[in-house]
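Enquirer: This is the structure I have questions about; it appears just below.
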Amino acid sequence: MKKITYLLLGLVFAFVSPSCEDEDPDINVFGEEDVIVPAQFNTPEATEFTLSEETPDDVAASFSWKAAEGEYNGNITYYLVASKAGESFDFSKAETLDVSTADLTVEVTHVQMNKPLIDLGVKAGEATDVELRIMAVLNLDKDFAFSNPITINATAYEMATGEEEAKPFYLVGGPNGWAIDSPYQFAHKGENKYEIFVHNPNDQGFKVCETPGDWSSCWKEDTENEGTLIFEEGDPNIALPEVGFYLIEIDMTEGEETITKTKIDSWGIIGSAAGGWDNDVDMTYDVDSNTWSVTLDMVEGQWKIRANDDWAIALKDEDLDGILENVGGDPNLEMTEAGNYTITMELGYNGNYTYTVTKN
């Protein structure tokens, strides 16, 4: 059964290490614990809800369920998970309500229900069927399981998600064959910061542009102030003198536009699951598929993907959905079964960083 150490909406769990002493005689502490019986969602008396922005903190609904059962009778925390009705359930596309409890009932406010519905794409003002599930998470080993779904009909109100649409920036140059009409898009990383992982096949350099097909929208590097961008058409291009793979980062804060170019000499797998935390197992780059891959023997344990045998550039899968984020830090990836594996990573443009782990 799949293990997690964190949830959607930034609900982060700390690992719990087995203790030599069992303070609660009803809890047997072992290295792993599974959910053997998921929660059973009770159908509520009311299944139709009209949410109101006038009373965001008032209780909109109450829900109850029968308890889940863990293998060793450990503590369990419950969460409400919303997904689109009529579609196959996919946790990576679901939304977790900002409410949790160790009890078997929970009250949900208007805003707690409304925000995840808006994030799901529910249209404000229209009554829409939504499925709710109870997610039971074992506090010891983070094993989790979902209850049966119940269907509710909710009318959400319009609200801002807190995210403004970022202005796009594009790379045009040697890496994409100078195709101004089909440039590579930088991934927005927040606070005017953008990044792109890209292979440079020559020494022709590149430009940073705001509009596809328009050379007059491009920036170039200030030759008198290396690392600084100026909004000006023409030569010289932003230099990439060496053939190879790069992480290119730009900060487009108005009046302080800067660029950083980091050459990636290697990507590697490191961790207790891959032979230890002292040495990386290097991956191999394939230009045609734009993928990095390695086949290696792994054991149960934790592991990470990092660049240049250093922690300055390290990736993690925050939502356990096969999507990597270049944000570093915990949590590590988990290998739950020893064997020979092929790990493949694609650092696509516009921040689409994906990986697969295949047992051979």
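Read the figures in this text as sums done on the coordinates, not as results from a lab. What you see is a predicted model; the values in this text were computed from it and never measured. All Cβ positions, glycine included, derive from the backbone under ideal geometry; neighbour counts span all protein chains shown.
Enquirer: When DSSP beta bridges are limited to those with both residues in the chain, what percentage is antiparallel, rounded to the nearest 5?
Expert: Just about 95 percent of them are antiparallel.
Enquirer: Could you check which residue among G255, G190, G74 shows the biggest mean-square fluctuation in a GNM of the chain with a 10 Å Cα cutoff?
Expert: It is G255.
Enquirer: OK, next. Step through the table entries K93/K220; K66/K304; K115/K167; K123/K359; K123/K167, compare each Cα-Cα distance with 31 Å, and write down the pairs that go over it.
Expert: K93/K220; K66/K304; K123/K359
Enquirer: Now for a separate question. Counting other C-beta atoms within 10 Å, and keeping those with at most 13, which DSSP coil chymotrypsin sites (Phe, Trp or Tyr not before Pro) do you find in segment 202-268?
Expert: The qualifying sites are F231.
Enquirer: May I ask for the equivalent-ellipsoid semi-axes of segment 62-153, computed as the square root of five times each C-alpha gyration tensor eigenvalue and listed largest first in whole Å?
Expert: Values for segment 62-153, descending: 25, 14, 11 Å.
Enquirer: Taking the Cα atoms only, what angle lies between the long axis of helix 110-120 and the longest principal axis of the chain, rounded to 10 degrees?
Expert: Taking Cα atoms only, the helix is inclined about 50 degrees.
Enquirer: Hey, in the GNM for the chain with a 10 angstrom Cα cutoff, which one of N75, N225, N114 fluctuates hardest?
Expert: Answer for the Gaussian network model of the chain: N225.
Enquirer: Something else: Taking the number of other C-beta atoms within 10 Å as the exposure measure, put Y355, Y78 in order starting with the fewest. Don't skip to the end; give the middle numbers.
Expert: Working: Y355 19, Y78 22.
Neighbour counts put them in this order, fewest first: Y355, Y78.
Enquirer: Kindly provide the helix-only [θ] at 222 nm of the chain, computed as the sum of -39,500 (n - 2.57) over DSSP H runs of four or more divided by all residues, to the nearest 500 deg cm²/dmol?
Expert: Dividing the helical sum by the residues of the chain leaves -1000 deg cm²/dmol.
Enquirer: Okay, moving on. Any idea how far the Cα center of segment 104-152 sits from the one of segment 184-236, in Å?
Expert: 42
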